[in-house]
Amino acid sequence: MTTTERDAARRAELAGALTEVRQRIERACAVAGRSADEVRLLAVTKTFPASDAALLTELGVTDLAENRDQEAGPKAAELAGLRPDAAVRWHMVGRLQRNKAKSVIGWADLVQSVDSARLADALAKAVAAAREAGVRSGTDGPSAPLDVLLQVSLDDAPGRGGCPLDELDQLAEHVAQSGELRLGGLMAVAPLGADPDPAFERLARAAERVRRDHPGATEISAGMSGDLEQAVMHGATWVRVGTALLGGRGLASP
Ligand SMILES: *Cc1c(COP(=O)(O)O)cnc(C)c1O
(Lines give C-alpha, C1' and ligand atoms only; values in the text may rest on other atoms or scores of the structure.)
Protein backbone atom coordinates (compact mmCIF):
# COMPACT_ATOMS: atom_id res chain seq x y z
CA MET A 1 0.00 0.00 0.00
CA THR A 2 1.19 3.52 -0.72
CA THR A 3 0.97 6.22 1.94
CA THR A 4 -2.02 7.71 0.19
CA GLU A 5 -3.78 4.35 0.13
CA ARG A 6 -3.00 3.78 3.80
CA ASP A 7 -4.35 7.25 4.66
CA ALA A 8 -7.53 6.60 2.72
CA ALA A 9 -8.00 3.23 4.40
CA ARG A 10 -7.46 4.70 7.88
CA ARG A 11 -9.77 7.59 7.07
CA ALA A 12 -12.53 5.17 6.06
CA GLU A 13 -11.96 3.11 9.20
CA LEU A 14 -12.19 6.19 11.44
CA ALA A 15 -15.23 7.49 9.57
CA GLY A 16 -17.04 4.19 10.13
CA ALA A 17 -16.14 4.09 13.82
CA LEU A 18 -17.17 7.72 14.26
CA THR A 19 -20.56 7.04 12.71
CA GLU A 20 -21.08 4.11 15.06
CA VAL A 21 -20.09 6.10 18.14
CA ARG A 22 -22.32 9.01 17.12
CA GLN A 23 -25.20 6.54 16.65
CA ARG A 24 -24.58 5.06 20.10
CA ILE A 25 -24.72 8.55 21.61
CA GLU A 26 -27.92 9.37 19.71
CA ARG A 27 -29.59 6.13 20.78
CA ALA A 28 -28.52 6.65 24.38
CA CYS A 29 -29.93 10.17 24.31
CA ALA A 30 -33.20 8.89 22.89
CA VAL A 31 -33.45 6.26 25.63
CA ALA A 32 -32.63 8.87 28.29
CA GLY A 33 -35.15 11.32 26.84
CA ARG A 34 -32.41 13.83 26.14
CA SER A 35 -31.67 15.85 23.05
CA ALA A 36 -28.66 14.51 21.12
CA ASP A 37 -26.97 17.90 21.10
CA GLU A 38 -26.70 17.83 24.90
CA VAL A 39 -23.89 15.29 24.69
CA ARG A 40 -20.57 16.08 23.03
CA LEU A 41 -17.90 13.69 21.91
CA LEU A 42 -14.33 13.93 23.10
CA ALA A 43 -11.96 11.78 21.03
CA VAL A 44 -9.20 10.34 23.23
CA THR A 45 -6.19 10.08 20.92
CA LYS A 46 -3.62 8.84 23.48
CA THR A 47 -1.11 6.36 21.99
CA PHE A 48 -2.36 7.18 18.46
CA PRO A 49 -0.41 9.41 16.07
CA ALA A 50 -1.10 13.02 15.15
CA SER A 51 -2.07 11.78 11.68
CA ASP A 52 -5.11 10.08 13.25
CA ALA A 53 -5.98 13.28 15.09
CA ALA A 54 -5.72 15.11 11.76
CA LEU A 55 -8.09 12.65 10.08
CA LEU A 56 -10.58 13.00 12.95
CA THR A 57 -10.60 16.78 12.57
CA GLU A 58 -11.31 16.33 8.85
CA LEU A 59 -14.24 14.15 9.84
CA GLY A 60 -15.67 16.91 12.00
CA VAL A 61 -14.29 16.09 15.44
CA THR A 62 -13.46 19.33 17.26
CA ASP A 63 -12.37 18.11 20.69
CA LEU A 64 -9.40 15.85 21.34
CA ALA A 65 -8.10 14.48 24.64
CA GLU A 66 -4.83 13.15 25.96
CA ASN A 67 -3.81 11.76 29.35
CA ARG A 68 -0.04 12.37 29.38
CA ASP A 69 1.64 15.72 29.05
CA GLN A 70 4.82 14.29 27.48
CA GLU A 71 2.84 12.72 24.66
CA ALA A 72 0.24 15.45 24.18
CA GLY A 73 2.45 18.51 23.80
CA PRO A 74 4.37 17.23 20.77
CA LYS A 75 1.21 15.71 19.26
CA ALA A 76 -0.74 18.97 19.53
CA ALA A 77 2.19 20.81 17.93
CA GLU A 78 2.38 18.23 15.15
CA LEU A 79 -1.36 18.50 14.47
CA ALA A 80 -1.08 22.29 14.30
CA GLY A 81 1.55 21.76 11.59
CA LEU A 82 -0.51 19.17 9.71
CA ARG A 83 -3.81 21.09 9.91
CA PRO A 84 -3.04 24.75 10.69
CA ASP A 85 -6.63 25.77 9.99
CA ALA A 86 -8.39 23.12 12.07
CA ALA A 87 -10.34 24.55 15.01
CA VAL A 88 -9.38 22.05 17.67
CA ARG A 89 -9.66 22.11 21.42
CA TRP A 90 -7.32 19.88 23.40
CA HIS A 91 -8.41 18.45 26.76
CA MET A 92 -6.14 17.03 29.46
CA VAL A 93 -7.92 14.06 31.06
CA GLY A 94 -5.08 12.29 32.87
CA ARG A 95 -3.44 12.52 36.25
CA LEU A 96 -1.38 15.62 36.47
CA GLN A 97 1.66 16.43 38.60
CA ARG A 98 1.94 19.99 39.79
CA ASN A 99 5.33 20.39 38.15
CA LYS A 100 3.66 19.76 34.76
CA ALA A 101 1.20 22.64 35.11
CA LYS A 102 3.25 25.04 33.02
CA SER A 103 3.77 22.53 30.26
CA VAL A 104 0.13 21.43 30.20
CA ILE A 105 -1.31 24.90 29.77
CA GLY A 106 0.96 25.24 26.74
CA TRP A 107 -1.23 22.80 24.81
CA ALA A 108 -4.44 22.12 26.76
CA ASP A 109 -7.46 24.37 26.31
CA LEU A 110 -9.29 22.58 29.09
CA VAL A 111 -7.98 20.55 32.03
CA GLN A 112 -10.52 17.95 33.18
CA SER A 113 -8.40 16.34 35.89
CA VAL A 114 -8.12 18.96 38.62
CA ASP A 115 -8.43 17.04 41.87
CA SER A 116 -6.70 19.12 44.52
CA ALA A 117 -6.39 22.73 45.63
CA ARG A 118 -2.62 22.49 45.25
CA LEU A 119 -2.93 21.43 41.62
CA ALA A 120 -5.48 24.18 41.00
CA ASP A 121 -3.04 26.70 42.48
CA ALA A 122 -0.20 25.43 40.32
CA LEU A 123 -2.36 25.77 37.19
CA ALA A 124 -3.54 29.24 38.20
CA LYS A 125 0.05 30.34 38.77
CA ALA A 126 1.11 28.96 35.39
CA VAL A 127 -1.76 30.74 33.64
CA ALA A 128 -0.86 34.04 35.31
CA ALA A 129 2.81 33.64 34.38
CA ALA A 130 1.99 32.78 30.77
CA ARG A 131 -0.30 35.76 30.49
CA GLU A 132 2.33 38.09 31.89
CA ALA A 133 4.86 36.67 29.46
CA GLY A 134 2.35 37.18 26.65
CA VAL A 135 2.55 33.55 25.57
CA ARG A 136 -0.83 32.25 26.60
CA SER A 137 -2.84 31.46 23.52
CA GLY A 138 -6.03 29.67 24.47
CA THR A 139 -8.90 29.48 21.97
CA ASP A 140 -10.57 32.32 23.88
CA GLY A 141 -7.58 34.62 23.57
CA PRO A 142 -4.45 35.25 25.57
CA SER A 143 -6.10 36.67 28.68
CA ALA A 144 -8.89 34.13 29.14
CA PRO A 145 -8.98 32.01 32.27
CA LEU A 146 -8.26 28.30 31.92
CA ASP A 147 -11.35 26.11 31.73
CA VAL A 148 -11.19 23.29 34.24
CA LEU A 149 -13.32 20.40 35.43
CA LEU A 150 -12.92 18.81 38.84
CA GLN A 151 -12.13 15.12 38.71
CA VAL A 152 -14.15 13.25 41.29
CA SER A 153 -13.17 9.90 42.76
CA LEU A 154 -16.04 7.42 42.50
CA ASP A 155 -14.21 4.61 44.25
CA ASP A 156 -11.90 4.41 47.20
CA ALA A 157 -8.76 3.93 45.13
CA PRO A 158 -6.75 7.12 45.66
CA GLY A 159 -4.12 5.88 43.22
CA ARG A 160 -6.49 6.48 40.31
CA GLY A 161 -6.86 10.16 41.05
CA GLY A 162 -9.87 12.28 41.75
CA CYS A 163 -11.11 14.37 44.64
CA PRO A 164 -13.03 12.44 47.32
CA LEU A 165 -16.73 13.32 47.22
CA ASP A 166 -16.69 14.73 50.74
CA GLU A 167 -13.97 17.25 49.81
CA LEU A 168 -15.57 18.33 46.57
CA ASP A 169 -17.51 21.37 47.81
CA GLN A 170 -14.35 22.81 49.32
CA LEU A 171 -12.35 22.25 46.13
CA ALA A 172 -15.11 23.79 43.99
CA GLU A 173 -15.14 26.86 46.20
CA HIS A 174 -11.35 27.12 46.00
CA VAL A 175 -11.33 26.94 42.19
CA ALA A 176 -14.25 29.36 41.90
CA GLN A 177 -12.24 31.93 43.89
CA SER A 178 -9.39 31.83 41.37
CA GLY A 179 -9.46 34.53 38.76
CA GLU A 180 -7.25 32.39 36.51
CA LEU A 181 -9.48 29.30 36.39
CA ARG A 182 -13.06 28.85 35.22
CA LEU A 183 -15.00 26.06 36.90
CA GLY A 184 -16.89 24.22 34.16
CA GLY A 185 -18.16 21.13 35.99
CA LEU A 186 -17.09 17.63 36.97
CA MET A 187 -15.29 14.68 35.44
CA ALA A 188 -15.04 11.07 36.58
CA VAL A 189 -13.99 7.61 35.56
CA ALA A 190 -16.23 4.71 36.61
CA PRO A 191 -14.68 2.31 39.15
CA LEU A 192 -12.79 -0.61 37.64
CA GLY A 193 -14.72 -3.85 37.44
CA ALA A 194 -17.88 -2.53 39.06
CA ASP A 195 -21.31 -1.56 37.75
CA PRO A 196 -20.94 2.03 36.47
CA ASP A 197 -24.61 2.90 37.10
CA PRO A 198 -24.49 3.66 40.85
CA ALA A 199 -21.16 5.47 40.38
CA PHE A 200 -22.55 7.74 37.65
CA GLU A 201 -25.62 8.31 39.82
CA ARG A 202 -23.35 9.54 42.65
CA LEU A 203 -21.57 11.78 40.15
CA ALA A 204 -24.86 13.25 38.92
CA ARG A 205 -25.90 14.07 42.48
CA ALA A 206 -22.52 15.67 43.21
CA ALA A 207 -22.79 17.73 39.99
CA GLU A 208 -26.24 18.94 41.00
CA ARG A 209 -24.93 20.02 44.39
CA VAL A 210 -21.91 21.84 42.93
CA ARG A 211 -24.15 23.58 40.38
CA ARG A 212 -26.32 24.99 43.16
CA ASP A 213 -23.38 27.06 44.42
CA HIS A 214 -21.66 27.49 41.04
CA PRO A 215 -24.28 27.86 38.27
CA GLY A 216 -21.59 27.91 35.57
CA ALA A 217 -20.45 24.38 36.45
CA THR A 218 -22.77 22.67 34.00
CA GLU A 219 -20.57 19.98 32.46
CA ILE A 220 -20.44 16.32 33.43
CA SER A 221 -17.62 14.46 31.69
CA ALA A 222 -18.30 10.75 32.12
CA GLY A 223 -18.50 7.62 30.04
CA MET A 224 -15.92 5.95 27.85
CA SER A 225 -16.08 3.31 25.10
CA GLY A 226 -17.55 0.68 27.42
CA ASP A 227 -20.03 2.69 29.45
CA LEU A 228 -21.07 5.79 27.52
CA GLU A 229 -24.73 4.71 27.46
CA GLN A 230 -24.89 4.56 31.26
CA ALA A 231 -23.14 7.94 31.52
CA VAL A 232 -25.60 9.55 29.11
CA MET A 233 -28.43 8.10 31.19
CA HIS A 234 -26.97 9.90 34.21
CA GLY A 235 -26.57 13.28 32.59
CA ALA A 236 -23.13 13.24 30.92
CA THR A 237 -22.52 16.26 28.70
CA TRP A 238 -19.15 14.96 27.48
CA VAL A 239 -18.28 11.36 26.66
CA ARG A 240 -14.59 10.53 26.29
CA VAL A 241 -14.09 7.84 23.69
CA GLY A 242 -10.80 6.24 22.68
CA THR A 243 -10.97 2.53 21.83
CA ALA A 244 -14.34 2.58 20.08
CA LEU A 245 -13.07 5.29 17.72
CA LEU A 246 -9.41 4.55 17.19
CA GLY A 247 -9.05 0.87 18.07
CA GLY A 248 -7.34 -1.04 20.85
CA ARG A 249 -4.27 0.31 22.55
CA GLY A 250 -2.84 -3.03 23.65
CA LEU A 251 -1.57 -3.58 27.16
CA ALA A 252 1.17 -0.96 27.18
CA SER A 253 -1.13 1.97 27.96
CA PRO A 254 -4.43 1.00 29.57
C1 LIG B 1 -8.16 6.47 27.92
C2 LIG B 1 -9.20 7.29 28.59
C3 LIG B 1 -10.51 7.36 28.08
C4 LIG B 1 -10.97 6.57 26.87
O5 LIG B 1 -11.12 5.24 27.20
P6 LIG B 1 -11.67 4.15 26.14
O7 LIG B 1 -12.14 3.04 26.99
O8 LIG B 1 -10.53 3.80 25.27
O9 LIG B 1 -12.78 4.80 25.39
C10 LIG B 1 -11.40 8.17 28.75
N11 LIG B 1 -11.05 8.88 29.84
C12 LIG B 1 -9.81 8.85 30.35
C13 LIG B 1 -9.51 9.66 31.56
C14 LIG B 1 -8.84 8.05 29.75
O15 LIG B 1 -7.61 8.01 30.26
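Restricting to region 103-131, name every residue that is part of a helix (DSSP H, G or I) and not aliphatic (A, V, I, L, M). The answer is SER103, ARG118, ASP121, LYS125, ARG131.
Between SER225, SER221, which is under 20 Å from LEU42 (Cα atoms), surrounded by fewer than 23 Cβ atoms within 10 Å (Cβ to Cβ), hydroxyl-bearing (Ser, Thr, Tyr) and within 12 Å of the ligand (Cβ to nearest atom)?
Of SER225, SER221, the one residue that is under 20 Å from LEU42 (Cα atoms), surrounded by fewer than 23 Cβ atoms within 10 Å (Cβ to Cβ), hydroxyl-bearing (Ser, Thr, Tyr) and within 12 Å of the ligand (Cβ to nearest atom) is SER225.
Looking only at residues of region 141-150 that are within 15 Å of ALA176 (Cα to Cα) and either among the small types (Gly, Ala, Ser) or modelled with pLDDT of 95 or more (or both), we find that the one that is farthest from the ligand (Cβ to nearest atom) is ALA144. Do the conditions hold for ARG249, that is, is it surrounded by fewer than 22 Cβ atoms within 10 Å (Cβ to Cβ), farther than 30 Å from GLU132 by Cβ, within 11 Å of the ligand (Cβ to nearest atom) and among the charged types (D, E, K, R)? Yes; evaluated as a whole, the condition is true for this residue. GLU78 passes every criterion in (1) in contact with a Leu (Cβ under 9 Å, 6 or more places away or on another chain); (2) farther than 26 Å from ALA222 by Cβ; (3) of a type in the set (Asp, Glu) apart from (1). For region 235-242, indicate whether the set of residues that are near the ligand (Cβ under 8 Å from one of its atoms), at pLDDT 95 or above, buried (at least 22 other Cβ atoms within 10 Å of the Cβ) and aliphatic (A, V, I, L, M) is non-empty. Within region 235-242, one or more residues are near the ligand (Cβ under 8 Å from one of its atoms), at pLDDT 95 or above, buried (at least 22 other Cβ atoms within 10 Å of the Cβ) and aliphatic (A, V, I, L, M). Within the bounds of region 172-184, is there any residue that is polar (S, T, N, Q), free of Cβ contacts under 8 Å to residues at least 24 places away in the same chain and out of contact with any Leu (no Cβ under 7 Å at 6 or more places or on another chain)? Yes: region 172-184 contains one or more residues that are polar (S, T, N, Q), free of Cβ contacts under 8 Å to residues at least 24 places away in the same chain and out of contact with any Leu (no Cβ under 7 Å at 6 or more places or on another chain). Selection of region 82-140 for residues being in contact (Cβ under 8 Å) with a residue 40 or more places away in the chain, closer than 22 Å to CYS163 by Cβ, more than 16 Å from the ligand (Cβ to nearest atom) and among the polar types (S, T, N, Q) yields only SER116. Against the conditions (1) away from the ligand (no atom under 12 Å from the Cβ); (2) buried (at least 16 other Cβ atoms within 10 Å of the Cβ), ARG68 satisfies every one except (1). Restricting the search to helices (runs of 4 or more DSSP H) fully inside region 133-234 and requiring at least 1 residues that are under 19 Å from the mean Cα position of the chain (by Cα) and of a type in the set (S, T, N, Q) gives 228-233. Of the residues making up region 72-81, just one is within 16 Å of the ligand (Cβ to nearest atom) and closer than 23 Å to LYS125 by Cα, namely ALA72. Close contacts from region 190-218, counting a first residue that is touching a residue at least 60 places away in the same chain (Cβ under 8 Å) and a second that is among the hydrophobic types (A, V, I, L, M, F, W, C) and assigned to a loop (DSSP other than H, G, I, E, B), with Cβ to Cβ under 7 Å and a gap of 6+ residues or different chains, come to VAL210/ALA217. Does region 4-11 contain at least one residue that is within 16 Å of VAL241 (Cα to Cα) and in a helix (DSSP H, G or I)? No, region 4-11 has no match at all.
The values are calculated or read from the model by the stated rules, or taken from the named source; none is laboratory data. Owing to the predicted nature of the structure, the values given are computational and were not obtained by experimental measurement. For neighbour counting, all protein chains shown are included, and Cβ atoms are generated from backbone atoms with ideal geometry for every residue, glycine included.
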